[in-house]
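Colleague: Provided herewith is a single structure, encoded as structure tokens, for subsequent inquiry.
The values are calculated or read from the model by the stated rules, or taken from the named source; none is laboratory data. If you're wondering where the values come from, they're calculated on a predicted model, not measured in any experiment. Positions of Cβ are generated from backbone atoms using ideal geometry, with glycine treated the same way; all protein chains shown enter the neighbour counts.
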Amino acid sequence: MRKEDYTLLVDRLPVFFQPWWLDSVCAEGEWRAEVYPEQGEPQSVFVYFVKKKHGIRYIVMPPLTQFLGEYALADNSLSDCKLISNYFIDSLPKNSFMALNMSRNFKYWSPYLWRGFKQTTRYSFIINDLSDIDTVFNNFDESKKRNVRKAAKQLEIRQKMTGEEFYDFFAANQKSKNAEVLFSRSLFLKLHKACTENNAGTILQAVDSQCVTYGALFVVWDKTTMYALTYSFSDKYRNSGVGDYLMFTAMKMAAQMSLAFDFEGSMIENVEQSYRRFGAKPVEYYQISKISNPLLRIVHQFRPLF
């Protein structure tokens with residue numbers, strides 16, 4: 001489908017499906033969108049990111065994007081879901097491998113199984129009802145409450161940090177931990193600019209009385225949910241409670257906007273435990289994958305492709 005036609009649907013789609021988002025994060029490849037049916041009232045969309053390297057075409061998640069793939073626009077029956085999924089599978093370009101995180105409203109993956117795909121269940125952690133923020137806070141684990149109160153006494157949360165400052169802060173902290181930065185400076189700056197221009201994101205910066213930055217959190221949102229996209233804090237201030245204070249401040253923002261709050265989850269045990277201590281509940285989503293290239297199947301056994 002033409003991207004110009006796809007834009008007619010954006011008011012019904014999450015932030016990660018917005019053309020401006022996709023244009024920002026898909027710089028190293030091309031994003032494509034399919035709609036079912038081609039004529040008439042849309043029932044579902046399918047959005048994916050195609051890359052090509054050394055002659056190998058593959059479909060993966062772009063940086064900083066929680067989910068893509070199928071997103072239902074109607075309450076479809078299982079029979080319809082089968083037709084829709086098969087339509088989207090048939091529309092895919094020939095590729096060596098694919099690994100897509102499907103949106104949370106994608107619930108029926110059997111048609112992919114029958115077409116040779118595999119599925120891995122993953123979890124995000126979400127607080128859906130923030131209408132009474134005091135009750136939300138009271139549902140925190142005691143350690144989270146202490147951290148928030150401790151940080152609130154010495155830190156101020158601002159929204160003045162630039163995209164350049166955030167990226168430099170993030171990259172420096174990753175370097176100190178011998179950890180990789182999984183997105184480029186140019187990509188982040190383009191995404192931050194697009195989010196700002198579309199009133200869909202902001203950076204929360206925690207500073208002390210000397211204007212020293214302890215931590216920063218980049219949140220984005222759509223009409224239903226605020227997402228904790230990426231954050232960083234200095235190891236030097238790990239015990240200050242800054243991470244929990246930033247998250248709680250973001251929750252209060254989401255509450256004022258009548259949104260749910262998505263921590264974006266993690267399959268890392270200690271991170272998962274931290275999110276649960278906020279009172280967040282696990283919500284499953286599916287990673288759908290398939291390796292079509294026989295040589296890459298062998299490679300994947302020793303060096304995972306996704």
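Colleague: Among all residue pairs at least 6 apart or on different chains, which show Cβ distances below 7 Å where the first residue, located in the stretch 81-100, is in the same structural domain as residue 295 (by TED's automatic domain parsing) and the second is modelled with pLDDT under 95 and in a helix (DSSP H, G or I)?
Modeller: Sorted first by the residue in the stretch 81-100, then by its partner, the pairs are 96/296; 97/296.
Colleague: Could you say which residue among 113, 191, 130, 155 is within 14 Å of residue 244 (Cα to Cα) and not small (Gly, Ala, Ser)?
Modeller: Details: 113 fails: within 14 Å of residue 244 (Cα to Cα); 191 fails: within 14 Å of residue 244 (Cα to Cα); 130 fails: within 14 Å of residue 244 (Cα to Cα).
Answer to the selection: 155.
Colleague: Within the stretch 41-53, does at least one residue satisfy the condition of being under 14 Å from residue 98 (Cα atoms), touching a residue at least 40 places away in the same chain (Cβ under 8 Å) and out of contact with any helix residue (DSSP H, G or I) (no Cβ under 7 Å at 6 or more places or on another chain)?
Modeller: Scanning the stretch 41-53, I find at least one residue that is under 14 Å from residue 98 (Cα atoms), touching a residue at least 40 places away in the same chain (Cβ under 8 Å) and out of contact with any helix residue (DSSP H, G or I) (no Cβ under 7 Å at 6 or more places or on another chain), so the answer is yes.
Colleague: Further question on the same structure: Looking at the stretch 79-98, is at least one residue among the aliphatic types (A, V, I, L, M), modelled with pLDDT under 95, surrounded by fewer than 18 Cβ atoms within 10 Å (Cβ to Cβ) and over 23 Å from the mean Cα position of the chain (by Cα)? Working first, answer last.
Modeller: As a first pass, look at the stretch 79-98 and keep what is among the aliphatic types (A, V, I, L, M): 83-84, 89, 92, 98.
Among the residues that remain, those that are also modelled with pLDDT under 95 are: none.
No, because not a single residue in the stretch 79-98 is among the aliphatic types (A, V, I, L, M), modelled with pLDDT under 95, surrounded by fewer than 18 Cβ atoms within 10 Å (Cβ to Cβ) and over 23 Å from the mean Cα position of the chain (by Cα).
Colleague: Which members of the stretch 157-181 meet the condition of being touching a strand residue (DSSP E or B) at 6+ places or on another chain (Cβ under 9 Å) and surrounded by fewer than 14 Cβ atoms within 10 Å (Cβ to Cβ)?
Modeller: 159, 160, 162, 172
Colleague: Can you tell me which residue among 282, 304 is free of Cβ contacts under 8 Å to residues at least 24 places away in the same chain and either closer than 30 Å to residue 97 by Cα or part of a loop (DSSP other than H, G, I, E, B) (or both)? Show your work before the answer.
Modeller: Details: 282 fails: free of Cβ contacts under 8 Å to residues at least 24 places away in the same chain.
The conditions single out 304.
Colleague: Same structure, new question: Among (1) at positive phi; (2) modelled with pLDDT of 95 or more, there is one condition residue 265 misses while meeting the rest; what is its number?
Modeller: (2)
Matching residues to (1) of a type in the set (A, V, I, L, M); (2) touching an Asp or Glu at 6+ places or on another chain (Cβ under 9 Å); (3) within 21 Å of residue 188 (Cβ to Cβ):
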{"site": "240", "(1), (2), (3)": "no, yes, no"}
{"site": "247", "(1), (2), (3)": "yes, no, yes"}
{"site": "252", "(1), (2), (3)": "no, no, no"}
{"site": "278", "(1), (2), (3)": "no, yes, no"}
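Colleague: Condition (residue is buried (at least 16 other Cβ atoms within 10 Å of the Cβ), in the same structural domain as residue 182 (by TED's automatic domain parsing) and in a loop (DSSP other than H, G, I, E, B)) applied to the stretch 261-279: is it met by at least one residue?
Modeller: Looking for residues that are buried (at least 16 other Cβ atoms within 10 Å of the Cβ), in the same structural domain as residue 182 (by TED's automatic domain parsing) and in a loop (DSSP other than H, G, I, E, B), one finds none in the stretch 261-279, hence no.
Colleague: Just a yes or no: is a residue in the stretch 58-66 within 18 Å of residue 195 (Cα to Cα), at pLDDT 95 or above, outside any helix (DSSP H, G or I) and in contact with a Leu (Cβ under 7 Å, 6 or more places away or on another chain)?
Modeller: The initial filter retains those residues of the stretch 58-66 that are within 18 Å of residue 195 (Cα to Cα), namely 62-66.
After this cut, where a residue has to be at pLDDT 95 or above as well, the list is 62-66.
Subsequent filtering for residues that are outside any helix (DSSP H, G or I) retains 62-66.
Retained after the next criterion (residues that are in contact with a Leu (Cβ under 7 Å, 6 or more places away or on another chain)): 63-64.
Yes, the stretch 58-66 contains a residue that is within 18 Å of residue 195 (Cα to Cα), at pLDDT 95 or above, outside any helix (DSSP H, G or I) and in contact with a Leu (Cβ under 7 Å, 6 or more places away or on another chain).
Colleague: Here is a follow-up. Residue by residue through the stretch 141-156, note down the ones that are buried (at least 19 other Cβ atoms within 10 Å of the Cβ) and more than 21 Å from residue 203 (Cα to Cα).
Modeller: 144
Colleague: So, one more: Pick out the one residue from 12, 2 that is farther than 22 Å from residue 188 by Cβ, of a type outside the set (A, V, I, L, M) and modelled with pLDDT under 90. Working first, answer last.
Modeller: Working: 12 fails: modelled with pLDDT under 90.
One residue alone meets the criteria, 2.
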